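Presented below is the structure to which this report refers.
The values are calculated or read from the model by the stated rules, or taken from the named source; none is laboratory data. Just so you know, these numbers come straight off a predicted model, no measurement behind them. Reconstructed Cβ throughout: ideal geometry from the backbone, glycine too, with neighbour counts over all protein chains shown. Note: accessible area is taken over every heavy atom of the protein model, side chains too, but ligands, DNA and RNA are not part of it. Shrake-Rupley method; radii C 1.70, N 1.55, O 1.52, S 1.80 Å.
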Amino acid sequence: MNFFKSLAIALLLFSGAIEAQSVDATRQVVKIALAQEPPQLNSMKATDQVSIFVLGHVMEGLTRYDRRGNLAPGVAERWTLSSTAAKFWLRKDAKWSNGDPVTAHDFVFSWRNAVDPKTASEYAFILYPVKNAEAINQGNLPVTDLGIRAVDDHTLEVTLERPTGYFMKLTAFVTTFPVQERFYRSVEASYAADAGQMLYNGPFKITDWVHSASLKMQKNQTYWNRQTIQLNGIDADYITADTRARLNLFIDDEIAYTQLDGETYKDALKNQFRIRPFATGSVYFLEYNYRPGRITGNLKLRQAIQAAFDPDEFVNKVLQTPGNLPGASLFPSWIKGVSKTFREEFPAKVLRPDLERAKRLLAEAKAELGVEQIPPLVLLVSDSPTATKQAEYTQGMLKTKLNLDIKIDVQTFKQRLAKMTEGDFDIVGAGWGPDFDDIMTFGDLFASWNLNNRGRYNNPEYDRLVRVAMNSSDPATRMEAMAGIQTLVHDDAIILPMYEQGVIYIQHPKIKGLRRTVIGSDPDFTHARIVP
Amino acid sequence: MLRYTLGRLLSGIITVWFIATATFLAMHAVPGDPLMNEKATTAEIRENLARKYGLDRPLAEQYVIYLSNMIQGDFGISFTQQNRRVNDIIKDHFPVSAALGILAITFAALGGILWGAITALYRNQLPDIIIMFLVILGISVPSFVFAALGQLLLVNLNQWFGTSILPVAGWGTFSHMLMPSLVLGLGTMALLTRLMRSSMLEVVNEDFIKTAKAKGLSPQRIFFKHQLRNAILPVVTVLGPQIAAITTGGFVVELVFAIPGLGRYFVQAVQQLDYTVIMGTTVFYGAFLVLMVILVDIIYGFIDPRVRLK
């Protein structure tokens, strides 16, 4: 033992390593790992979770989410919203990290830039409720026609295309964050490529970023609300997609937070960590192809599959990790309705497996289609282990219950997308996560004009209901229309909802106030603190 | 020697050009749209992106533009990290992979030669049997298993000591490099051990060894001066390509130990169809490999005078 101890000390001296500690209560610093290098920290173009996580901590929009998850003033001190216009009064003490004030012009610049077709931002559509945004984004109008105007340095006026009940919630979203034009022009193409190539106006700022290795954030001393921020630093010292490596780092007390998967879940249990579930807010479903000539266009066939599928069995036997909910609707259970959640106000029809009915429906489908046996259906899925496992379950289930043949087509990320867009599938395993905190982020998914409607479902009644909800700012009218869509999704078996995604994670017991959220920057360390 | 070197360099350049062309064609033949992402975009936005990356031009024109940029040493901008140049990616991450790789190859070469010599000396005896069993493990077990096991070992070691002896993952100090480079070098070490063993055994039966023994040279002198020096030649031959393979990064090892090396970019670019990064890393890797092979050929000339004469 003596030998090992001295060897250990020798190694310690040799490496200069200090004792690992993932949280530091005196310095108020927390260490974490990122799942990947943030690919895009230009807020006007960012779309991925890791970039949005970082941006949510180092930037701030007109509004932001407070520690309880409610919309709160950000750069804007107060605002008024009518059905076709909004006016914002910006606080005078909002500053960039270089000391310049954050002005209304910074918003005009970033909003125009985000919808400019030359920027080619995938999230330009977030700003479509703003007047002329869509036309500008399609190259039909100049960017100066966008319905946003700086009255003076601290007053911002926005004109809307149509009444948009959820407009305020968009002002907390990354795409609408301000960018200072002068700074942007000074670095242009390399904006946000490195820590020094950005200006920060959020609670933290990036002080050190070594690509693919580490990203350190420190409390921003120019942030207007700095008194309420207790953490002094968020150090992402590790960047790796490997969940087991992250669990090992957690066990070694080098990181204070990590998400688990089916594999690492068991090891975390063995280590007696407290497993915390979190619903991501995403729904996963099977999407059918409605293009002419596709057999999945037959309603009876889709209803037969619906009647054969058992969401409870799927969640318990296939997904296994805690936190997932059986699929029942296009709308996940967290979506807000008029006063309670939407699903409380408008319960979805529960999918109960009924084999007799399924068989009867399949026979009717065969008769309608005039075939003896349904030809093999192509199920397109991505190449992740979970996706293939789910596909194999579906294949086995439909074979044993209905004697339906499924051909699984496993494709890598980009190839699957290409096939989805070209319509080269019968059924595709798909999912949808919310972009903003309103029911419409799910509601218009199968509208005939929606480009994410990969199966090209086309139903005038669906489109009509979406338009009703879109053109109204009355919550009751909108929710009624969405309830109509929920019924339609079930009755027309537009998709087969499989599950609402839940994930599990572990965190250091000394961290308090860490907020998980389905919208925007998640996990949110803004109001977190470390207790001694 | 100069003519020989120049000749090798010229054929090297042709090889690199061939690699670049083949990669370019193969990459474009892979189905899938590099500009497509989870969220569908309008045709307008896709066109703008295509214009930015020159994908709206005919393939032949893209090829010519690409080649002329490459000759000027410009690999363009990454598709996934739209504000980073591929040159910067290589510049930032290759040194990391190289540092790790050099340590790994040092482990592998030292270990390989040592174990190889031992097995040859103790042929068919216990040390030989044990080492050769481990060698088979080293060759057949994939590196992700070793990486996971190595990391688990560190976690347990740290828990046992109650303090962080060696970091579990990450990058920055020499202690961060030890376990990953050992894991990275294991496969090569096993390969070299086997090579060294057979080569040693071959040399033992050569006439010049018999002559040396007959001359009454000491066993040590025979071993180091005649046997080892001759047996090491095939090891040096494979060392070149192995150095190139290891120093350009082990994807799995980099992932598990959270190391910011080039290997990650190399593999992820293919998954993401990041055209410019695929081309940049492949051509860089190809050129590096060719260079190492040429270098080994030249070094060979110094070790073995017979090569020079040819």
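What do you reckon, is residue B:237 surrounded by 22 or more Cβ atoms within 10 Å (Cβ to Cβ), away from every other protein chain (no Cβ under 11 Å) and hydroxyl-bearing (Ser, Thr, Tyr)? So residue B:237 fails the test. All conditions but one from (1) crowded, with 23+ Cβ neighbours inside 10 Å; (2) assigned to a loop (DSSP other than H, G, I, E, B); (3) of a type in the set (D, E, K, R) apply to residue A:287; the one that does not is (2).
Please determine, by comparing only the residues of the range B:150-162 that are among the aliphatic types (A, V, I, L, M) and open to solvent by 10 Å² or more (accessible area, probe 1.4 Å), which one is farthest from the other protein chains (Cβ to nearest Cβ). Per the stated criteria, the residue is B:153. Screening the range A:150-166 for residues that are under 28 Å from residue A:181 (Cα atoms) and of a type in the set (D, E, K, R) and picking the one that is nearest to the chain's Cα centre (by Cα) gives A:161. The residues in the range A:84-96 that are open to solvent by 60 Å² or more (accessible area, probe 1.4 Å), in contact with a Ser or Thr (Cβ under 9 Å, 6 or more places away or on another chain) and assigned to a loop (DSSP other than H, G, I, E, B) can be counted, and the count is 1.
For residue A:198, the conditions (1) within 14 Å of another protein chain (Cβ to nearest Cβ); (2) surrounded by 22 or more Cβ atoms within 10 Å (Cβ to Cβ); (3) closer than 25 Å to residue A:440 by Cα are fulfilled apart from (3). Here the range A:414-429 is the region considered, the condition is being touching a strand residue (DSSP E or B) at 6+ places or on another chain (Cβ under 6 Å) and within 10 Å of chain B (Cβ to nearest Cβ), and the residue that is surrounded by the most Cβ atoms within 10 Å (Cβ to Cβ) is A:416.
Cβ-Cβ distances below 8 Å connect the following pairs, each with a first residue in the range A:59-73 that is in contact (Cβ under 8 Å) with a residue 12 or more places away in the chain, a second residue that is in a strand (DSSP E or B) and among the polar types (S, T, N, Q), and a separation of six or more residues or different chains: A:71/A:63; A:73/A:63.
Just one of the listed residues (A:164, A:155, A:144) is within 17 Å of residue A:90 (Cβ to Cβ), away from chain B (no Cβ under 14 Å) and either touching a residue at least 24 places away in the same chain (Cβ under 8 Å) or surrounded by 15 or more Cβ atoms within 10 Å (Cβ to Cβ) (or both), and it is A:155. Under the condition of being among the hydrophobic types (A, V, I, L, M, F, W, C) and in a strand (DSSP E or B), the residues counted in the range A:345-398 number 5. Condition first: in a loop (DSSP other than H, G, I, E, B) and open to solvent by less than 20 Å² (accessible area, probe 1.4 Å). Now tell me which residues in the range A:213-237 satisfy that. The answer is A:213, A:220, A:223, A:229, A:231. Looking only at residues in the range B:90-102 that are in contact with a helix residue (DSSP H, G or I) (Cβ under 8 Å, 6 or more places away or on another chain), open to solvent by 30 Å² or more (accessible area, probe 1.4 Å) and within 14 Å of chain A (Cβ to nearest Cβ), the one that is farthest from residue B:276 (Cα to Cα) is B:99. Taken over the range A:496-526, residues that are hydrophobic (A, V, I, L, M, F, W, C) and closer than 26 Å to residue A:129 by Cβ amount to 2.
Only one entry in B:208, B:144 is within 13 Å of chain A (Cβ to nearest Cβ) and open to solvent by 50 Å² or more (accessible area, probe 1.4 Å), namely B:144. Listed by first and then second residue, the pairs with beta-carbon distance under 8 Å, at least 6 apart or on different chains, first residue in the range B:170-184 and more than 8 Å from chain A (Cβ to nearest Cβ), second acidic (Asp, Glu) and not in a loop (DSSP other than H, G, I, E, B), are B:180/B:254.
Taking the listed residues B:187, B:216, the one that is at pLDDT 85 or above and closer than 30 Å to residue B:154 by Cβ is B:187, with no other qualifying.
Inside the range A:28-54, residues that are away from chain B (no Cβ under 14 Å) and outside any loop (DSSP other than H, G, I, E, B) make up a count of 3. Residues that are open to solvent by 40 Å² or more (accessible area, probe 1.4 Å), over 23 Å from residue A:404 (Cα atoms) and in a helix (DSSP H, G or I) within the range A:317-343 comprise just one, A:343. Check off (1) within 13 Å of chain B (Cβ to nearest Cβ); (2) closer than 19 Å to residue A:487 by Cα for residue A:450 and give me the number that stays unchecked. Result: residue A:450 fails condition (2) only. Annotation note: of B:131, B:165, B:139, the sole residue that is at pLDDT below 90 and away from chain A (no Cβ under 14 Å) is B:139.
Scanning the range A:259-309 for residues that are acidic (Asp, Glu) and at pLDDT 95 or above turns up just one, A:287.
When the residues of the range A:182-192 are filtered to those that are touching a residue at least 60 places away in the same chain (Cβ under 8 Å) and within 13 Å of chain B (Cβ to nearest Cβ), the one that is most open to solvent (accessible area, probe 1.4 Å) is A:184.
Of the residues contained in the range A:125-134, one or more are found to be without any contact (Cβ under 8 Å) to a residue 24 or more places away in the chain, open to solvent by 10 Å² or more (accessible area, probe 1.4 Å), within 27 Å of residue A:71 (Cα to Cα) and touching a helix residue (DSSP H, G or I) at 6+ places or on another chain (Cβ under 9 Å). For the range B:1-34, filtering for residues that are of a type outside the set (D, E, K, R), open to solvent by less than 70 Å² (accessible area, probe 1.4 Å) and in contact (Cβ under 8 Å) with a residue 24 or more places away in the chain leaves 14. The condition of being within 22 Å of residue B:172 (Cβ to Cβ), at the interface with another protein chain (Cβ under 7 Å from one of its Cβ atoms) and open to solvent by less than 10 Å² (accessible area, probe 1.4 Å) holds for only one of A:258, A:240, that being A:240.
Could you say whether any residue in the range B:280-293 is in a helix (DSSP H, G or I) and at the interface with another protein chain (Cβ under 8 Å from one of its Cβ atoms)? No - not one qualifying residue is present in the range B:280-293. Here residue A:445 meets the list (1) of a type in the set (A, V, I, L, M, F, W, C); (2) open to solvent by less than 10 Å² (accessible area, probe 1.4 Å); (3) more than 29 Å from residue A:261 (Cβ to Cβ); (4) part of a helix (DSSP H, G or I) almost entirely, failing just condition (3). Of the residues making up the range B:107-141, those that are in contact (Cβ under 8 Å) with a residue 40 or more places away in the chain, open to solvent by 40 Å² or more (accessible area, probe 1.4 Å) and within 18 Å of the chain's Cα centre (by Cα) are B:107, B:139.
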